[in-house]
1. Restricting attention to region 72-85, and to residues there that are surrounded by 16 or more Cβ atoms within 10 Å (Cβ to Cβ) and touching a helix residue (DSSP H, G or I) at 6+ places or on another chain (Cβ under 6 Å), which single residue is nearest to Arg142 (Cα to Cα)?
2. Tell me, which strands (runs of 3 or more DSSP E) wholly within region 1-105 include 1 or more residues that are at pLDDT below 75 and at positive phi?
3. Just the residues that are in contact (Cβ under 8 Å) with a residue 60 or more places away in the chain and under 25 Å from Ala195 (Cα atoms), please, taken from region 109-145.
4. Kindly indicate whether Val236 is farther than 25 Å from Leu15 by Cβ, crowded, with 21+ Cβ neighbours inside 10 Å and in contact with a helix residue (DSSP H, G or I) (Cβ under 8 Å, 6 or more places away or on another chain).
5. Identify the residue in region 260-287 that is of a type in the set (Gly, Ala, Ser) and in contact with a Leu (Cβ under 9 Å, 6 or more places away or on another chain) and, among all such residues, is farthest from Arg193 (Cα to Cα).
6. Residues in region 300-315: is at least one touching a residue at least 40 places away in the same chain (Cβ under 8 Å), surrounded by fewer than 21 Cβ atoms within 10 Å (Cβ to Cβ) and among the polar types (S, T, N, Q)?
Amino acid sequence: MTSTATTSSLTIERLHRPSVPARIVYPLAFATARAGLELAGRLGEFSPRPHPQIFRIANFADLAAAPLPLMRGTRRRRLALNRCGAEWIWHQDQQGPDASDAGAVLFFQGGAFIAGGLNAYRRLLGRMAMASGAPVLNVAYRRLPNYHITDTVADGLDAYKHLLAQGFPARKIIFSGDSAGGFLAFAVAIAARDAGLPVPGGITAISPAGDLDSTARLAHPNANRDAILSPRAVKVILDWGYAKDGTLDPAWSPVNHEFDGLPTTLIICSASEVLLSDAERLAQRCAAANVPCRLQIWDHQIHGFPVLADVLPEGRAAFRVIEAFHRSVLTPS
């Protein structure tokens, strides 16, 4: 069941009746991932600022994902950007990254700006490449503890400049990302606009963060409902990582910018996740700037649920929505 509300350029869709697999995954995630992160967050609240090695442990978590199988027919190619690595992902039956006229998806990984890497996202991005009909460039941007959010955004902007230099038309480039990567999709689009570059053709954000300040998340009703993310743990990471003098510059967060000139946007999130607060504020920024935005809120799903499209019917359904949106941008009728 779907309920829809449209206000100016913003369409909000609420999708109800979660599947049996979703009803199983949600409590399992709450009892494992959420319990662990909640404990870490509570301990972190009463701990002195940690040694940077605690962040580096998360940096290496991507190695565990190396054995994950690729989607059948997936091809990949490593790429060195100015200050970080990247990897092209595409399907063998489609045009690869050498054919710029097909367009591209520029993808930013999640992981709270500490975890993530090229291994963990290959299967997901193989699915995204097939859905989009275009190659996906996965950016292994610089992370905590050695690099600031401004460095991370600079890496995303470098990747975009690389695509433009390779002949990809801006109108046929989509910025996409999940969680922290959704934050970067907006932040890099704003940085490109402010630098005088053409904005991309679209933005797709899955369970996006939008604010480095955790105040709104901690006060949100979903603070105790999210099956994966603990807002306490998120606050500890962001405060330890970025608020080294006790403050966070509002300019670092997309929700504090005007969205004038940004492209058509699709946001997908869960009704139960704490980042619903961020997703709704990002959507409202789009509406205030008259940027076409479709916000889909799925009932009783975990944070970033399309990542589990192999096991969740809702994940596969979300990818059908992503497919329609991406192809409307990359191959408009």
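1. Cys84
2. Numbers: elements: 2-7, 10-15, 74-80, 85-91.
So the answer is none; nothing clears 1.
3. Gln109, Gly110, Phe113, Arg143, Leu144
4. On the way: farther than 25 Å from Leu15 by Cβ: yes; crowded, with 21+ Cβ neighbours inside 10 Å: yes; in contact with a helix residue (DSSP H, G or I) (Cβ under 8 Å, 6 or more places away or on another chain): yes.
So Val236 passes the test.
5. Here is the first cut: in region 260-287, the residues of a type in the set (Gly, Ala, Ser) are 261, 270-272, 277, 279, 283, 287.
Then drop every residue that is not in contact with a Leu (Cβ under 9 Å, 6 or more places away or on another chain), which leaves 270-271, 279, 283, 287.
Numbers: Ser270: 29, Ala271: 31, Ala279: 21, Ala283: 18, Ala287: 18 Å.
Applying the filter and picking the extreme gives Ala271.
6. no
Let's see how each residue does on (1) modelled with pLDDT under 95; (2) in contact with a helix residue (DSSP H, G or I) (Cβ under 6 Å, 6 or more places away or on another chain); (3) buried (at least 21 other Cβ atoms within 10 Å of the Cβ):
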residue	(1), (2), (3)
Asn256	no, yes, no
Pro263	no, no, yes
Cys269	no, yes, yes
Gln284	no, no, no
Asn290	no, no, no
Ala318	no, yes, yes
Val321	no, no, no
Phe325	no, no, yes
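The values are calculated or read from the model by the stated rules, or taken from the named source; none is laboratory data. What you see is a predicted model; the values in this text were computed from it and never measured. All Cβ positions, glycine included, derive from the backbone under ideal geometry; neighbour counts span all protein chains shown.
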